[in-house]
1. Identify all residues within the stretch 261-300 that are within 17 Å of the chain's Cα centre (by Cα) and modelled with pLDDT of 95 or more; write none if there are none.
2. Being buried (at least 19 other Cβ atoms within 10 Å of the Cβ), in a helix (DSSP H, G or I) and of a type in the set (A, V, I, L, M, F, W, C) narrows it down to one residue among Leu316, Leu349; which is it?
3. Taking into account only those residues within the stretch 209-260 that are hydroxyl-bearing (Ser, Thr, Tyr) and over 30 Å from Met359 (Cβ atoms), which is modelled with the lowest pLDDT?
4. Can you give me the number of residues within the stretch 202-243 that are in contact with a strand residue (DSSP E or B) (Cβ under 8 Å, 6 or more places away or on another chain) and small (Gly, Ala, Ser)?
5. Looking at Glu67 and the list (1) among the acidic types (Asp, Glu); (2) closer than 21 Å to Ser16 by Cβ; (3) not in a helix (DSSP H, G or I), which single condition is not satisfied?
6. Among residues belonging to the stretch 68-88 that are farther than 21 Å from Leu356 by Cβ and of a type in the set (D, E, K, R), point out the one that is farthest from the chain's Cα centre (by Cα).
7. Given the conditions (1) at pLDDT 95 or above; (2) touching a Ser or Thr at 6+ places or on another chain (Cβ under 8 Å), report the number of the one that Leu144 does not fulfil.
8. Can you tell me which residues in the stretch 31-60 are outside any strand (DSSP E or B) and touching a Leu at 6+ places or on another chain (Cβ under 6 Å)?
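The values are calculated or read from the model by the stated rules, or taken from the named source; none is laboratory data. On a predicted model such as this, the values are computed, not experimentally measured, just so you know. Ideal geometry is used to build each Cβ from the backbone, glycine not excepted, and the neighbour counts take in all protein chains shown.
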Amino acid sequence: MYTNKGKTPVIGICVSKVKRDLHRIVAERLKRYPCDATLITFRIEKLNLERQKVQGTCFEKKEGKIEHYQGSFPIPKVLYMQSYADPDLFKKIEESVGCIIFNNFIFEKWQAWNLFASNKTLMSHLPDTKKICTEIELKTSLSLYQDVFLKPINPVKGHSSKGIVRVKLINEENIKVIYQKGHKIILDEFQSFNSFWSSIQSTLATNSYIVQQSIETIRWGEEKPTDIRMNMNKNNKGEWTVSSLFARIALNGSHVAAGRGTQYLPIEIKQFLSLHFLNDEIKTTAMINALTNLGHKICQTFDQSGYHMADLGIDLGIDKSEQLWIFEVNPLPFPFASPIRDDSWIKPLEYARYILEKMTNS
């Protein structure tokens, strides 16, 4: 029975039907969190504004022990969004309940690209990207770069490399296509652009896609592609911090593919860069600082645009000339497990507690 009466901080987490793994790790977040707290998880359709109640699951941590049970609970004063919902609904909830919602912009890839493109500093770090409206956008980009990625615009359909297709133009006519299906990497070949377009047209018609210039990142070992993953969070002082920063080595010979069919090897960022720069500490430190600064600029762009974000996953790349590139920013990031340290397991709870304390003291 729910009996919390101000004894521990109460934090609401709106979870998604689609990204079920984010729902499953709620108890693990609370287990790693060093303090007692109460988490109430719910789906957006189970929120009743008239009664100011949510139907969901309550996780209570007291003296290190966690209990959970289902029921109807008062809407918490702080809500951490891990599910897509109409932004107008967020405003309505905040005004009606008097609560604060963070991660309130579950953006699509095209929205994110346009937001960053409006920032002169970030624009120089963006691969050329276009929304596919007709075959012209795809054909033009493929002819120009010979190597592109097709990515679903929807943040749910495109998460964990789902739906991402790499397309290479070979000998001006032949096309090689690489994508992930289940736990496998599939390779298809086509004799012409028209045959490729015919095969993919129905997929593009069903889901909105962008076409993005492929960037040749620095290689690892036997010419394996790499990228950089950075999870950033607001902390218990309301400040953006780097929760996790590491390199990912593609094991499939094509590109990093995350998710349950993981096709990458994580490696600590300092070790990765030290080997690349032949143990030059000055270059290694400078690159880590550059990556961190770029992450902060991305986060500040959301703040300056009026969005209340506090948990972001950022995919970056370093090309052979050591320029930094922004590949993707994820509004529904997943914390990483051992051996990589990732404080994003608990940072959202720390930030929620910070908000609660500010509300109490104001």
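1. Selection gives Leu291, Thr292, Leu294, Gly295, His296, Lys297, Ile298, Cys299, Gln300.
2. Exactly one residue qualifies, and that residue is Leu349.
3. Within the stretch 209-260, the match that is modelled with the lowest pLDDT is Ser254.
4. The number of residues fulfilling the criteria is 4.
5. (2)
6. Asp88
7. (2)
8. Tyr33
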